[in-house]
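Accompanying notes for the structure given below.
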Amino acid sequence: MKPLTALLSAAIVLLGLSVPAQAGDDAAFFDIGADAFRAGATVIFEADGVDDLFMMGETVRARSAIAGSAHVAGRNVTLSGDVGGDVYAAGMDVEVTGSVAGDASVMGYDVSIGPVGGDLRLSGSELSVEGPVGGTALIAGDEVEISAAIASDVSLAARSVVFGEGARIGGTLTVYEDTPGTLEVPETVVSADRVLRRQIETWDADEAGLPRPSPGRWIAKFLMGVIVVAAVAAGIAALLPE
């Protein structure tokens, strides 16, 4: 399921509930089978035996492990529980410290992500890859820090990049720059013969799955998206106070 589709599905299901939902003072939740749906101003997920998780709110925290995929959106998003499937997350500040067995698609202003077993798609302003990635990585942002190993190919576009001590790239690094050759890539990260440099204008949104890097434009659009998400979450909490 695509990230936007998943988040819209969560909103539709939550807004369409016509039965009372159990909730705290500022949150509403609803479960369908092994899938959990949560929304509200401050939403904290702590439950066992959940497959897929859908969460929306101002502050979103998922602390328990889930077997399936996580679809989360909010201003402050924290995923500390392990995820057995994929992660789709959007927020102003997004922190994923639990391990992700599948792929991770994450967008935010300030984003940090831990271990990802599959592929990584990361976009925003301040981005930090703090755990190993088992597949490929598509990274587009303003300030990027890579401090862990990425097993396969990497496509990277950023204004500034910092490679930490643990940074390693197992495949080809394709760097998109205004002036090819600007970014210094240590040999300890990836050998020079596996570094490809491209003009930023050649960034292919369809191929990469991320928009052409333009941090200012991203931030404006993203902030509008956060406002919409917060409004939806507040509406859910108001409709389902119990």
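The values are calculated or read from the model by the stated rules, or taken from the named source; none is laboratory data. Values in this document were obtained by computation on a predicted structure and should not be read as measured data. Neighbour counts are summed over all protein chains in view; Cβ atoms, including those assigned to glycine, are modelled from backbone coordinates with ideal geometry. Surface areas here come from the heavy atoms of the whole protein model, side chains and all, with no ligands, DNA or RNA. Shrake-Rupley method; radii C 1.70, N 1.55, O 1.52, S 1.80 Å.
Of all residues in the stretch 130-148, those that are closer than 16 Å to Glu165 by Cβ have Cβ atoms under 9 Å from Cβ atoms of residues that are crowded, with 19+ Cβ neighbours inside 10 Å and among the aromatic types (Phe, Trp, Tyr), 6 or more apart or on another chain, in Glu145/Phe163; Ile146/Phe163; Ser147/Phe163. Within the stretch 89-106, the set of residues being surrounded by 24 or more Cβ atoms within 10 Å (Cβ to Cβ) and in contact with a Lys or Arg (Cβ under 9 Å, 6 or more places away or on another chain) comprises Gly91, Ala104, Val106. Reported count of residues in the stretch 131-168, each being touching a Phe, Trp or Tyr at 6+ places or on another chain (Cβ under 9 Å) and either more than 19 Å from Thr97 (Cβ to Cβ) or buried (at least 17 other Cβ atoms within 10 Å of the Cβ) (or both), is 9.
For every residue, the table says whether it meets (1) farther than 21 Å from Val94 by Cβ; (2) in a loop (DSSP other than H, G, I, E, B); (3) open to solvent by 50 Å² or more (accessible area, probe 1.4 Å); (4) modelled with pLDDT under 85.
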position	(1), (2), (3), (4)
Leu7	no, no, no, yes
Leu14	no, no, no, yes
Ser18	yes, yes, yes, yes
Ile44	no, no, yes, no
Asp48	yes, yes, yes, no
Val60	no, no, no, no
Gly68	no, yes, no, no
Ala73	no, no, no, no
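Scanning the stretch 177-202 for residues that are closer than 18 Å to Ala149 by Cα, among the hydrophobic types (A, V, I, L, M, F, W, C) and touching a residue at least 12 places away in the same chain (Cβ under 8 Å) yields Val185, Val189, Val190, Val195.
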